[in-house]
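To start, the structure itself, in structure tokens.
The values are calculated or read from the model by the stated rules, or taken from the named source; none is laboratory data. None of these values were measured; they are calculated from a predicted model. Here Cβ is always computed from backbone atoms with ideal geometry, including for glycine, and neighbour counts include all displayed protein chains.
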Amino acid sequence: MAPDLPTVIAIDGPSASGKGTIAVAVARHLGFHYLDSGALYRIVGLVGSERGANLDDDREISHITLNLKVKFEGDRVFVDGREVSDPIRGEAAGAAASRVAALPGVRSALMALQRSFRQPPGLVADGRDMGSVVFPDARLKIYLTATADERARRRHKQLIDKGSGASMATLLQDIRDRDFRDSTRAVAPLLKCIDAIEIDTTGTPVDVVVAQVLQLYQKAQQKTQ
């Protein structure tokens, strides 16, 4: 990492592995900025779907992406002045995000926006290619994982808490389908970087994982001093 660039902690992993929850907690503890890169793809998927666009058409979706005005206010997300915090967290937006994330033009269009979040005193970024593509020089790279069954249970609980419902079997299949799409796409596939530290969050309390990440960050900091 160049000495004049703010520190980045990159947290990658598959859907429902705990990336967002852990990244937000780490960012708050350190006083860092936070980037939910998945929200950007969910926004593109949501807007594309609302406009009746072909989510597999790179040119069409890239054009939509370049013209979006995205704003984050805490855990609230706005696009073109409209709050989309809840819609982008739905299963449909998640599935759409997985499709548009496979498009090279879309990923290129979002690259500059993602990197613009790298500001002092530092950034915690979560996603699927934060350490491998967007911030390859990150000070610390974490790869979170969990069993498919565990991740389906988490997604089910999230939906129940929001007053929605879905069968466990359907959610489990969706998780597996999304894993396959994300890991086999031609552009920036989901993968564990060779220099990333893997943490299995299955059955592990959030505060325990957060403590692990903070400890690893402190060790990474000491190595650079």
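Within the stretch 19-45, the set of residues being surrounded by 22 or more Cβ atoms within 10 Å (Cβ to Cβ), over 21 Å from Lys223 (Cβ atoms) and over 10 Å from the mean Cα position of the chain (by Cα) comprises Ile22, Ile43, Val44, Gly45.
Look at (1) farther than 13 Å from Gly13 by Cα; (2) at pLDDT below 90 and you find that Ala211 fails only one, number (2). When the stretch 181-213 is limited to residues that are closer than 19 Å to Val26 by Cα and of a type in the set (Asp, Glu), the one that is surrounded by the fewest Cβ atoms within 10 Å (Cβ to Cβ) turns out to be Asp207. Restricting attention to the stretch 134-158 and to residues that are over 15 Å from Gln173 (Cβ atoms) and hydrophobic (A, V, I, L, M, F, W, C), the residue that is surrounded by the most Cβ atoms within 10 Å (Cβ to Cβ) turns out to be Ile142. Note on the stretch 100-126: residues that are surrounded by fewer than 21 Cβ atoms within 10 Å (Cβ to Cβ), within 20 Å of Asp56 (Cα to Cα) and not hydrophobic (A, V, I, L, M, F, W, C) total 3. With the structure loaded, tell me whether Val100 is under 19 Å from Pro189 (Cβ atoms), under 16 Å from the mean Cα position of the chain (by Cα) and of a type outside the set (Gly, Ala, Ser) or whether it fails that test. Yes: the conditions hold for Val100. Checking each residue in the stretch 45-86 for being free of Cβ contacts under 8 Å to residues at least 40 places away in the same chain and among the small types (Gly, Ala, Ser) picks out Gly52, Ala53, Gly74, Gly81, Ser85.
Among residues that are surrounded by 14 or more Cβ atoms within 10 Å (Cβ to Cβ) and touching a Ser or Thr at 6+ places or on another chain (Cβ under 7 Å), Gly90 is not included.
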